[in-house]
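Participant: For reference, the structure I am asking about is given below.
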Amino acid sequence: MTLEQPEALNLAELGRYLRRIEDRWPLDRAVVGGARVADARGAGPQRERGPEYVVIFVSEGFDGVPWLERVYQAGRVWDTAEMGDPVDVHCYTAAELARRVERQRIVRETVREGVDLMAERT
């Protein structure tokens, strides 16, 4: 899916955020979704917005790190002032992501409809 209004997302800051996370963990995948991505794709205003930003990181480096610690560290380096809203961050190993996609709608939708942050920076 393409972004009809890429200016609706601060792709430069999302790229900086991605680099800050990569300084901590080797990433296999990084996807951003949420209401702001839907806005950038031209979604109409008459909808349930949900979280403005949902970011999913996938890394085998998360293995052995408690989930709350991963999320805390990843959320701590998000620049809310620059992005305009907080983030709902999810940090999974590949196996954990596979289970979450089956069980959590927000994860499933972000994986299916989100923007691949690693592809955007190249």
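Participant: Just to be sure, is G75 of a type outside the set (F, W, Y) and touching a Lys or Arg at 6+ places or on another chain (Cβ under 9 Å)?
Facilitator: no
Participant: Kindly provide the set of residues from the stretch 40-62 that are touching an Asp or Glu at 6+ places or on another chain (Cβ under 9 Å) and of a type in the set (D, E), ordered by number.
Facilitator: The answer is E52, E60.
Participant: Is it true that some residue in the stretch 104-121 is over 17 Å from V32 (Cα atoms) and not basic (K, R)?
Facilitator: Within the stretch 104-121 (the criterion being over 17 Å from V32 (Cα atoms) and not basic (K, R)), the answer is no, since none of the residues qualifies.
Participant: Could you say which residue among V89, V101, V107, V55 is under 22 Å from Q5 (Cβ atoms), touching a helix residue (DSSP H, G or I) at 6+ places or on another chain (Cβ under 8 Å) and not in a loop (DSSP other than H, G, I, E, B)?
Facilitator: Result of the check over V89, V101, V107, V55: V55.
Participant: Which one of G33, G84 is surrounded by 20 or more Cβ atoms within 10 Å (Cβ to Cβ) and either in contact with a His (Cβ under 6 Å, 6 or more places away or on another chain) or not acidic (D, E) (or both)?
Facilitator: Selected residue: G33, the only one of G33, G84 that is surrounded by 20 or more Cβ atoms within 10 Å (Cβ to Cβ) and either in contact with a His (Cβ under 6 Å, 6 or more places away or on another chain) or not acidic (D, E) (or both).
Participant: Which one is surrounded by the fewest Cβ atoms within 10 Å (Cβ to Cβ) among residues in the stretch 18-30 that are among the charged types (D, E, K, R) and part of a helix (DSSP H, G or I)?
Facilitator: Here the answer is R19.
Participant: Would you please list the contacts, defined by Cβ atoms under 7 Å and residues six or more apart or on different chains, that run from a residue in the stretch 20-40 that is touching a residue at least 40 places away in the same chain (Cβ under 8 Å) and under 18 Å from D79 (Cα atoms) to a residue that is hydroxyl-bearing (S, T, Y) and not in a loop (DSSP other than H, G, I, E, B)?
Facilitator: Listed by first residue and then by second, the contacts come to V31/T110; V32/Y53; G33/T110; G34/Y53; R36/Y53.
Participant: Here are Y72, Y17, Y53: which of them is of a type in the set (F, W, Y) and touching a Gly at 6+ places or on another chain (Cβ under 9 Å)?
Facilitator: Y53
Participant: While we're on this one: Is it true that F62 is in contact with a helix residue (DSSP H, G or I) (Cβ under 8 Å, 6 or more places away or on another chain), at pLDDT 95 or above and closer than 15 Å to D88 by Cα?
Facilitator: no
Participant: Can you tell me which of (1) in a loop (DSSP other than H, G, I, E, B); (2) modelled with pLDDT under 95 is the one R36 doesn't meet?
Facilitator: (1)
The values are calculated or read from the model by the stated rules, or taken from the named source; none is laboratory data. Here the structure is a predicted model, which is why all the values come from computation and not from measurement. Glycine also receives a Cβ, built like all others from the backbone with ideal geometry; neighbour counts cover every protein chain displayed.
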